[in-house]
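Working notes, structure below.
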Amino acid sequence: MRGWITAHRTITYIIAGVSLVLIASLVALAVLYQKPVEIVAQTVQKPKPKPKPVIYYSPLTGDIVSSAAATVQPVTAIMIENSPDARPQSGVKQAGIVYEAIAEGGITRFLTLHQQDKPQLIGPVRSVRMYYVDWLAPYNASVAHIGGSAAALAEVRGGNYRDIDQFFNSGSYWRAADRYAPHNVYTSFDKLDALNKAKGYNESHFTGFTRVDGKSSDAPTATSIAINFSGPLYNTSYTYDKANNRYNRILAGVPHMDREDGQITPSVVVAMKIDMSLVLQDGYREDIKTTGTGHAVIFQNGTAQEVTWHKPERASPITFTDNTTGKDVPLIRGQTWIAAIPNTSGSVSWQ
């Protein structure tokens with residue numbers, strides 16, 4: 001009996017062993033011959049970088065504007081009187097560029113250029129002279145005035161300019177009751193914009209000054225500027241305000257005020273020396289040579305830089321080059337005031 005149990009136990013072990021071997025073999029075969037698993041590489045999508053916002057700049061002042069359309073808004077040039085009876089003027093502080101020159105008898109007059117700024121009271125408006133036409137020509141601008149010298153009127157009425165003379169557009173101007181003629185003609189950009197639109201003057205395309213960001217100098221070299229045109233009633237000076245990086249304008253010894261907006265404070269002052277002579281046209285007129293080259297001084301960031309101005313022809317914009325390097329001199333953004341000073345009788349100094 002014991003032999004039989006031992007024999008059967010041995011057979012059981014043999015069967016179990018064979019079964020284990022068989023199972024192991026089947027598992028090995030399954031592992032060796034299973035279908036390979038395809039490994040799919042996962043691509044991580046990187047987020048697309050956001051496009052940089054487009055920044056648009058006014059070609060008149062270099063200031064940031066809201067859109068491409070704003071860069072081609074129509075430019076309007078306005079003749080503004082500067083006799084003592086015309087002061088304080090309106091709308092001058094907001095202008096993008098101002099040209100100042102002698103109109104007659106030593107009395108200076110302003111040509112103000114506007115694009116984005118829209119003052120609603122502007123004046124007193126006066127007559128135009130030929131040299132102001134030369135300065136406004138490159139800006140593709142409408143010109144607001146009340147008549148003018150014979151030469152200037154022949155030019156602006158010749159079909160190549162956007163003439164919006166008060167003589168032919170009286171509804172866009174009015175006479176103020178608190179001043180007497182001829183120092184009381186005013187306009188507004190509600191009226192001028194409507195007039196420009198009615199005439200189809202919807203855009204202006206021009207090349208302005210090269211512009212850069214301004215930064216106050218750590219060591220200012222020109223904090224006080226004196227510009228003499230003709231006499232004490234018209235001579236100007238500027239004091240540099242480092243905190244605002246602007247120049248406080250002083251006229252005839254007192255702060256030069258815009259009646260609505262306070263003291264006039266350009267970012268850039270340019271003293272441009274010009275040849276001027278008295279000529280007989282429709283009466284005696286000042287004649288200023290606006291083309292060619294000449295000496296100038298640029299005041300910005302609290303510094304003075306002596307440069308050369310260039311204007312090859314009437315339609316060409318004025319440019320400024322450094323006297324040492326001959327390279328273009330950028331102007332900082334903001335209002336630019338350009339004073340045209342007679343070579344023989346005017347002067348500019350600073351400290």
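Just so it is clear, none of the values below were taken in a lab; they were calculated from the coordinates. From a predicted model like this one, the values you see are computed outputs, not experimental measurements. Cβ atoms come from the backbone with ideal geometry, glycine included; neighbour counts cover every protein chain shown.
Structural remarks
- Cut-off 17 Å (backbone N to label point 7 Å along Cα→Cβ of Y57), residues of segment 289-320: 300-301, 318-320
- Distance from segment 210-269 to segment 74-146 (C-alpha centre basis), Å: 18
- Longest stretch of the chain clear of exposed loop sites (GluC sites (Glu not before Pro), DSSP loop, at most 16 other Cβ atoms within 10 Å, sites excluded): 39-202.
- Rounded to the nearest 0.05, the FRET efficiency derived from the C-beta distance between Q263 and K50 at R0 = 30 Å is 0.10.
- Gyration tensor (alpha-carbon) shape descriptor, segment 125-257, a/c threshold 1.5: prolate
- Residue (of I64, F189, I102) at the positive-pole extreme of the chain, dipole from beta-carbon charges: I64
- For the chain, a crude dipole built from +1 on the beta carbon of Lys and Arg and -1 on the beta carbon of Asp and Glu, taken about the Cα centre, is about 1900 debye to the nearest 20.
- Charged-residue dipole, Cβ positions (Lys, Arg, Asp, Glu), segment 296-348 about Cα centre, Debye nearest 20: 140
- Exposed trypsin sites (Lys or Arg not before Pro) absent - longest run of the chain, DSSP non-H/G/I/E/B, at most 11 other C-beta within 10 Å: 1-214
- Mean separation of Cα pairs under 8 Å and 6 or more residues apart, divided by the residue count, gives segment 196-277 a relative contact order of 17 percent.
- Proxy reagent accessibility, fewest Cβ within 10 Å first, across T265, T303: T303, T265
- Computed from the Cβ-Cβ distance with R0 of 35 Å, the FRET efficiency linking T210 to S230 stands at 0.65.
- Ranked list, fewest to most other Cβ atoms within 10 Å of each Cβ, for T210, T223, T324, T187: T324, T210, T223, T187
- Annotation: amide H of V128 within the under-5 Å range of I146, G148, S149, sequence separation 5 or more or interchain, hydrogens built in the peptide plane.
- Matching label, percent of Cα pairs over 33 Å apart computed from the structure shown, candidates (1) 38; (2) 28; (3) 22: (1)
- Beta bridges assigned by DSSP with both partners in the chain are antiparallel in approximately 75 percent of cases.
- Degrees, to the nearest 10: 189-198 long Cα axis against longest axis of the chain: 80
- Overall form of segment 247-351 per C-alpha gyration tensor (a/c, 1.5; a/b vs b/c): oblate
- Per-residue 3J(HN,Hα) values for segment 70-84, derived from phi via the Karplus relation 6.51 cos²θ - 1.76 cosθ + 1.60 with θ = phi - 60°, read 5, 6, 10, 4, x, 8, 10, 9, 10, 7, 10, 6, 9, 6, x Hz in sequence order (x marks Gly and Pro).
- Degrees separating the helix 2-33 axis from the principal Cα axis of the chain, which is the longest one: 30
- Which of S142, I332, V270, positive extreme of dipole for segment 56-350 (C-beta unit charges): S142
- Mean Cα-pair separation over length for the chain, i.e. relative contact order, pairs under 8 Å, 6 or more apart, %: 18
- For segment 56-350, with +1 on Lys and Arg beta carbons and -1 on Asp and Glu, the positive-most of S127, I318, W350 along the dipole: S127
- Residue order, fewest to most beta carbons within 10 Å, for W174, W309: W174, W309
- Net length available on complete extension from D275 to R157 is 39.9 nm, with 0.36 nm assigned per residue and the Cα-Cα distance removed.
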